[in-house]
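For reference, the structure is listed below as structure tokens.
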Amino acid sequence: MPDDIGNELPHALNVLWGRAKPKGRGRTPALSLERIVAAAIALADEEGLAALSMARLAERLGCAPMSLYRHVAGKDDLHLFMLAAAPGPPPEFDTAPADWRGSLTRWAVELFDVYLRHPWIAQLANSPPMDPGQLAWLDAALRSLGGTPLDPRARFSVVMLVLHYVRGAAQLLTSIPAEPEERADETYAALLTELADPARFPALARAVEAGVFTPRPGAAPDDDFHAGLDHLLNGVGVAIERAARA
């Protein structure tokens with residue numbers, strides 16, 4: 001990374017790229033940046049991002065709030081560290097895997113699981129990724145298409161399409177009220193039965209009548225995600241076939 005770019009980055013990103021040292025290095029051994037970030041992730045996972053404050057985090061770690069500021073400048077820096085650490089490493093692919101579909105499916109499913117484990121990521125990841133953790137995931141997705149005839153811009157478009165599908169599906173699933181999922185779906189289906197007037201919403205009314213919004217016996221919560229991903233990748237396959245013929 002050029003030096004002049006590093007000067008424009010937040011301190012947290014410079015730390016993540018190894019261009020700056022963590023603020024608290026050499027201080028209280030019991031408190032480290034890694035421990036602070038792990039505790040922040042756990043708190044956000046358990047209670048949501050709104051519950052994460054420096055005071056709550058200090059309470060969880062058994063330290064004074066001001067002790068945290070020896071390691072992180074504030075919540076913005078803390079959020080950057082959390083975004084970089086929470087997803088973990090992406091799946092590894094060769095630069096041109098023979099099975100693009102299997103590779104991209106694996107990437108999408110693993111990212112979907114990340115969003116389910118850490119729903120708050122969707123709230124924080126609202127700008128282009130700049131940290132090495134998120135960029136590793138982007139690189140892995142682009143690698144999955146490396147063996148296809150798609151040009152780099154088309155590969156990036158496919159990755160963005162899959163990324164936004166995964167993110168939206170995960171947000172929808174994690175937004176289900178804290179009641180049994182089948183009961184929540186049944187409530188929604190009953191409401192749509194009343195609201196979807198065939199004269200006003202003919203296509204929606206047909207979908208409701210066909211049981212699209214009624215939970216299927218024995219269906220897993222993520223079945224719809226996998227079905228949708230399959231349809232999406234079918235379309236990507238058509239684009240790849242066209243590129244091969246061009």
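Results, tabulated for the structure shown:
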| read-out | value |
| --- | --- |
| Residues of segment 1-18 classified as modelled with pLDDT under 85, over 15 Å from HIS71 (Cβ atoms) and either surrounded by 11 or more Cβ atoms within 10 Å (Cβ to Cβ) or not acidic (Asp, Glu) (or both), total | 6 |
| Count of residues meeting criterion [within 25 Å of the chain's Cα centre (by Cα) and either not in a helix (DSSP H, G or I) or not assigned by TED's automatic domain parsing to the domain that holds HIS11 (or both)] in segment 31-49 | 1 |
| Helices (runs of 4 or more DSSP H) within segment 63-170 that include 3 or more residues more than 21 Å from the chain's Cα centre (by Cα) and modelled with pLDDT under 95 | 65-68 |
| Extreme residue, farthest from the chain's Cα centre (by Cα), among residues of segment 50-62 that are within 22 Å of VAL114 (Cβ to Cβ) and surrounded by fewer than 19 Cβ atoms within 10 Å (Cβ to Cβ) | ALA51 |
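Yes or no, residue by residue, for (1) exposed (fewer than 14 other Cβ atoms within 10 Å of the Cβ); (2) part of a helix (DSSP H, G or I); (3) hydroxyl-bearing (Ser, Thr, Tyr):
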{"site": "TYR188", "(1), (2), (3)": "no, yes, yes"}
{"site": "LEU192", "(1), (2), (3)": "no, yes, no"}
{"site": "PRO215", "(1), (2), (3)": "no, no, no"}
{"site": "PRO221", "(1), (2), (3)": "yes, no, no"}
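The values are calculated or read from the model by the stated rules, or taken from the named source; none is laboratory data. A quick note: this is a predicted structure, and the numbers were derived from the prediction, not measured. Methodologically, a virtual Cβ is constructed for each residue, glycine included, from the backbone with ideal geometry; neighbour enumeration extends over all protein chains shown.
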